[in-house]
Amino acid sequence: MLPQFIPTLVVLAILVLRCSPCLAQTAPQSDPAQTQLAPAAPFDNPQAPGSRPGSIAGTVVDQSGAIVSGAQVNLAGENSSISQQEITGTDGQFLFVNIAPGPFRLAVTSTGFAAQSAAGILRSGEIATLPQIVLSVAENMTEVQVGVSQVEVAAEQIKVQEKQRVLGAIPNFYVSYDPQAVSLNPQQKFQLAWKSIIDPFTFVVVGGTAGVQQAQDHFREYGQGAEGYAKRFGAVYADTITSTFIGGAIFPSLLKQDPRYFYKGTGSKSSRALYAIAFAVRCKGDNGRWQLNYSGIMGSMAAAGISNLYYPPQDRDGFGLTVDNTAIGIGQSAITNLLQEFLIRHLTPKAPKNDPSKP
């Protein structure tokens, strides 16, 4: 589940940003299916007598910037005068040598990714190094490529999600910006939960929360000093572990539900707002259908019940208070989802560039 501290930190970030100069406008994005190379300077006919062969090199990466090894790169020249094939190495790089000068086109394919292309003109004797070729996760991969398993596609999606950080720091792993995202298997749900609880920023938030509790003398039986702080830190971190694993991995695996928020990004503002609020009590099942979010609601109640094992007796929640806290948690989720739909994506530098609001 998305950490509850994101809404507070985002609001603080907004206040800081409003006091700073206007953010630089983002440069318009080019067509993700075509890498445009800078046009070559005018020159004489490259096929003229005396022209020398050149080479073409480049690197293939995914949307998170990670290298893609084993990608197939096909090179074709004008009128099919060139036809070669290379496979990217462990560094994601490819190299074509002894290439006749003139116009050329590259077609790049890799398991789990949408096809990409690039084009340019090779000059006589030139050693051309192309800009990085970025592959995006393929849509409807299980339908358009026979033999590619859903697990492989989901693994690539998780790799992208684990790069998502609000303001470059706050983990935002439990959001998918891919409208065609496939469901996760149980192992992948636990992997996402594990990544979340061991993230350095999680320890920063837990430490800060424990410090505030100690300053306000919450859970007085824990005492003060280093020992009291350690007990508060342990209790807050235990809350984080139980809520993340129970609501984000255990129940979603047992009930076959997806713990992620799926960004909508299309339609009117009111329809998007209703979508975000409704997501607090509904979710996508592993079968792709909308369901009541049993895993999230039951996970919140179970985590609250388990906390009675380690909080001081006078601070333990009764059943009625546990239900109240669950209702509050649903409200917090609705607010967080609204922030996800209208704000957080714009504050996440490594969010995928494919925007479902654009064709």
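The values are calculated or read from the model by the stated rules, or taken from the named source; none is laboratory data. Please read all numbers here as calculations on a predicted model, not as lab measurements. So basically every Cβ, Gly included, is an ideal-geometry build from the backbone, and we count neighbours across all protein chains shown.
Brief remarks follow.
- So residue 145, is it of a type outside the set (A, V, I, L, M), at pLDDT below 85, buried (at least 22 other Cβ atoms within 10 Å of the Cβ) and assigned by TED's automatic domain parsing to the domain that holds residue 254: no
- The criterion of being free of Cβ contacts under 8 Å to residues at least 60 places away in the same chain and over 18 Å from the mean Cα position of the chain (by Cα) holds for residue 280.
- Subset tally (residues that are in contact (Cβ under 8 Å) with a residue 40 or more places away in the chain and under 39 Å from the mean Cα position of the chain (by Cα)) for segment 88-103: 4
- Within segment 256-274, the set of residues being under 11 Å from residue 340 (Cα atoms) and not basic (Lys, Arg) comprises 261, 262, 263, 265, 273.
- Yes/no for residue 219 being under 22 Å from residue 308 (Cβ atoms), modelled with pLDDT under 90, out of contact with any strand residue (DSSP E or B) (no Cβ under 9 Å at 6 or more places or on another chain) and surrounded by 15 or more Cβ atoms within 10 Å (Cβ to Cβ): yes
- Set 210, 226, 238, 193: member being in a helix (DSSP H, G or I), under 30 Å from residue 289 (Cα atoms), modelled with pLDDT of 90 or more and among the small types (Gly, Ala, Ser): 193
- Selected residue [at pLDDT below 90, touching a Gly at 6+ places or on another chain (Cβ under 7 Å) and surrounded by fewer than 17 Cβ atoms within 10 Å (Cβ to Cβ)] from 102, 125: 125
- Residue match in segment 180-201 (condition: more than 16 Å from the chain's Cα centre (by Cα) and over 30 Å from residue 153 (Cβ atoms)): no
- Pick from segment 43-92, criterion modelled with pLDDT of 85 or more, outside any strand (DSSP E or B) and among the hydroxyl-bearing types (Ser, Thr, Tyr), ranking: surrounded by the fewest Cβ atoms within 10 Å (Cβ to Cβ): 90
- Residue within segment 153-160 that is at pLDDT 90 or above and in contact with a strand residue (DSSP E or B) (Cβ under 9 Å, 6 or more places away or on another chain) present: no
- In the set (1) touching a helix residue (DSSP H, G or I) at 6+ places or on another chain (Cβ under 7 Å); (2) surrounded by fewer than 23 Cβ atoms within 10 Å (Cβ to Cβ); (3) not hydroxyl-bearing (Ser, Thr, Tyr), the condition left unmet by residue 290 is number (1).
- Within segment 253-281, the residues that satisfy the criterion of being under 18 Å from residue 352 (Cβ atoms) and either among the β-branched types (Val, Ile, Thr) or part of a loop (DSSP other than H, G, I, E, B) (or both) are 258, 260, 263, 264, 265, 266.
- Residue 248 touching a residue at least 60 places away in the same chain (Cβ under 8 Å) and under 24 Å from residue 149 (Cα atoms): yes
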